[in-house]
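Visitor: Okay, here's the structure, questions in a sec.
Rule-based calculations on the coordinates, nothing more; no lab input. All values derive from a computational prediction rather than experimental measurement. With ideal geometry, Cβ positions are generated from the backbone for all residues, glycine too; neighbour counts draw on all protein chains shown.
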């Protein structure tokens, strides 16, 4: 009886082990079917910054291989002409600002008082000339004054009246201040001068070349003494962001890829090291596989180009480096093409930050 129970127990254990092994192998096979492997090359963008101004290069501040940060000063050209033009524009703007301020403040109290005094003085002259004219006009019939004396008195009266009227209008203008149209014209002239200053400042700032983005200097094209222009690149800069692998997928695997799906990138240059990435772009049109993708299975098929963005840890991935991309299409797929929040290099399955 005991042997029979032991035999039954042994059979049950064998059945359970067999079932477990079958389930495990089935799970492994199913997991292998969910992985898509792609082959391609590391690709990056390049920039060739140039000066917006024309002039002789005075300083080249970085060499090949230098790591740059966006906004870092990398070269200068002769700025003396642009500095002089900026100073001239600034002085002109200050002059027009003073003109506008004078018009806005109107007449000073002293100017108004002076205009009032002149008007009253000429008013007294005019009143005196009128008395003299009336007196001369009364003496002509008596023969005491001649007709010539009357004409002279009339002329003096007319002149004094005109002088008084002119002084009176000058006083009124002093009280009222400048015309609104003059103020508007002065303001427009000042604004035009400010625009000239802004343009001169921009031209002066353009004598300094800064890095357009983070990157690495690949080539130093100009040297001090060379003539720079907007059409002449100064450096060739490899941009470190964004970095991607240009890979290719067959039509049978195309439906397994989604934008934003997480991916893992490996290279022969760093065995055992993996980099996190994500599917950033899938071409809508098919093409023949490039010869650089050395896989016998894909070499003669129509494929679709896939751009897999990569987190380049420590600048280890270089332009043109062959890379292998694996995508688990059964894993949860984030939407969109934004960078995953846990972007970073992975060393032997452990994140390196």
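Visitor: Listing 111, 223 from the residue with the fewest other Cβ atoms within 10 Å to the one with the most, what is the order?
Guide: Working: 111 15, 223 9.
If I rank by nearby Cβ atoms, fewest first, I get 223, 111.
Visitor: Right, here's the next one. If I model a spin label as a point 7 Å beyond the Cα along the Cα-Cβ vector, how far apart are those points for residue 137 and residue 85 in nm?
Guide: For residue 137 paired with residue 85, the spin-label model returns 7.0 nm.
Visitor: For residue 181, project a label point 7 Å along Cα to C-beta. Then give me every residue of region 98-126 with its amide nitrogen under 14 Å of that point.
Guide: none
Visitor: Still on this structure, please answer the following. In a solvent-free Debye calculation with one equal scatterer on each Cα, what is log10 I(q)/I(0) for region 98-156 at q = 0.17, 0.21, 0.31 Å⁻¹, listed in the order of the q values?
Guide: For the requested q values the scattering log ratios are -0.65, -0.80, -1.11.
Visitor: Sticking to Cα atoms, compute the Rg of region 85-202 to one decimal and its Dmax as the biggest Cα-Cα distance, whole number, in Å.
Guide: 24.8, 85
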